[in-house]
Each structure stands twice: as structure tokens, then as C-alpha cells.
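Here the structure is laid out as C-alpha cells; the discussion comes afterwards.
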Amino acid sequence: MIRRFGDRPRADLRYRLRAGAYALLPRDGKLLLTCQMSPDPDLQLPGGGIDPDESAVVALHREVYEETGWRIASPRRLGAFRRFVYMPEYDLWAEKVCTIFIARPVFRLGDPVETDHEAVWMSPDAAVNRLGNAGDRWFAGRYASSFTPNSKKVAETSSSIP
């Protein structure tokens, strides 16, 4: 059973299944996030939909680059959640199944390629309070609880994250 966050599905709507890959991207005690500026500013874990014939890891690399301008390394799956939402950019109601990874941002290639996206660095604690959806906040919270401010290394392999 995949944990659900947000609204329950409505009986009067048909939802299209949308699989996606998203990541916690820690570096130097902060997380790399993306802010989607339209239709309204929304802070998110970088990532997005998995295209047909594309693996989750390949999609993750592509989406992180498009939304942040960064290349990543060593992605490791942490878990998944689902949510039922309206996606205005596609004009559809979706059951989003979000697979969450943790990875290392290793090289900034430039600005985000995807329009209306901005790369944002933020402390894990601040991210927990500002991320736009409950699933992202839950995974960021699990990560933040494993972060030791006095240590030189962020706990990237914490076993407390499912």
C-alpha cells in the first residue's frame, strides 16, 4: 500500500495515473528545490513525470536538470506516495504516484531549462515548512530529522527514511 497525502479521490471524477520521480538533493547542509512560478508560485522537490519507455532514474536525471540546471549522481530510492490532484498544465485530474529518491547534486550546468522554474537552496527545516504538498513535506521532514547540524556530512543514507 502506498501512503496517500492530500485529498481523497472524488467519486465523480476519473483520474489518470501519472507516475513521477522526485528527489531530495542535499548539499552543504541545504536542499536543492525548485519553485514552479506559474500558475502560482509552488515550492517542490525537483522531478516530474516519467515518459513512456523511460525508467524512473532516467526521468529523475532529466527532470532535475530541466527544473534546476543541475546534474545529479548516486540516486537511491527512499519510498513513494500518491496524491489525487488537478494538473492545470495538462487540464486533467491525476492520481500521481510519486517515487522519491535521494541523490547528490554534483554540477550546475546553468539555469533551469524548463520555463517558469527557479532553483532554490533552502535548509531542510525551512523546506519542511514551505514545500507545496504534504508528501514532499513528509519526506523532507524525515530527512530533516536525520540531519545533524554539527556534523560535517548530511545523513544521506539515513535508515529512518522508508
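The values are calculated or read from the model by the stated rules, or taken from the named source; none is laboratory data. These numbers come from a predicted model, not from an experiment. Because the Cβ atoms are built from the backbone with ideal geometry, glycine has one as well, and the counts that use them run over all protein chains shown.
Yes/no per residue for (1) over 17 Å from Arg76 (Cα atoms); (2) touching a His at 6+ places or on another chain (Cβ under 9 Å); (3) of a type in the set (Asp, Glu):
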{"residue": "Met1", "(1), (2), (3)": "yes, no, no"}
{"residue": "Asp7", "(1), (2), (3)": "yes, no, yes"}
{"residue": "Asp12", "(1), (2), (3)": "yes, no, yes"}
{"residue": "Leu24", "(1), (2), (3)": "no, no, no"}
{"residue": "Leu31", "(1), (2), (3)": "no, no, no"}
{"residue": "Asp40", "(1), (2), (3)": "yes, no, yes"}
{"residue": "Asp53", "(1), (2), (3)": "yes, no, yes"}
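Can you confirm whether Glu156 is closer than 13 Å to Leu24 by Cβ, modelled with pLDDT under 95 and of a type in the set (D, E, K, R)?
Working: closer than 13 Å to Leu24 by Cβ: yes; modelled with pLDDT under 95: yes; of a type in the set (D, E, K, R): yes.
Judged against the criteria, Glu156 is a match.
In the range 120-141, which residue that is buried (at least 20 other Cβ atoms within 10 Å of the Cβ) and either under 20 Å from Glu66 (Cα atoms) or free of Cβ contacts under 8 Å to residues at least 40 places away in the same chain (or both) is farthest from the chain's Cα centre (by Cα)? Walk me through it before giving the result.
First, the residues of the range 120-141 that are buried (at least 20 other Cβ atoms within 10 Å of the Cβ): 124, 127-128, 131, 135-136, 139-140.
After this cut, where a residue has to be either under 20 Å from Glu66 (Cα atoms) or free of Cβ contacts under 8 Å to residues at least 40 places away in the same chain (or both) as well, the list is 128, 131, 136.
On the way: Val128: 12, Leu131: 9, Asp136: 6 Å.
Restricting to residues being buried (at least 20 other Cβ atoms within 10 Å of the Cβ) and either under 20 Å from Glu66 (Cα atoms) or free of Cβ contacts under 8 Å to residues at least 40 places away in the same chain (or both), the top hit is Val128.
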query = in a loop (DSSP other than H, G, I, E, B), closer than 16 Å to Met37 by Cβ and at pLDDT 95 or above: does that describe Val113?
reply = yes
task = Return yes when Ile50 is in contact with a Ser or Thr (Cβ under 9 Å, 6 or more places away or on another chain) and either at pLDDT below 95 or farther than 15 Å from Ala140 by Cβ (or both) and no when it is not.
result = yes
task = Test Glu95 against the stated conditions and say whether it is surrounded by fewer than 21 Cβ atoms within 10 Å (Cβ to Cβ), in contact with a Cys (Cβ under 7 Å, 6 or more places away or on another chain) and either assigned to a strand (DSSP E or B) or at pLDDT 95 or above (or both).
result = no
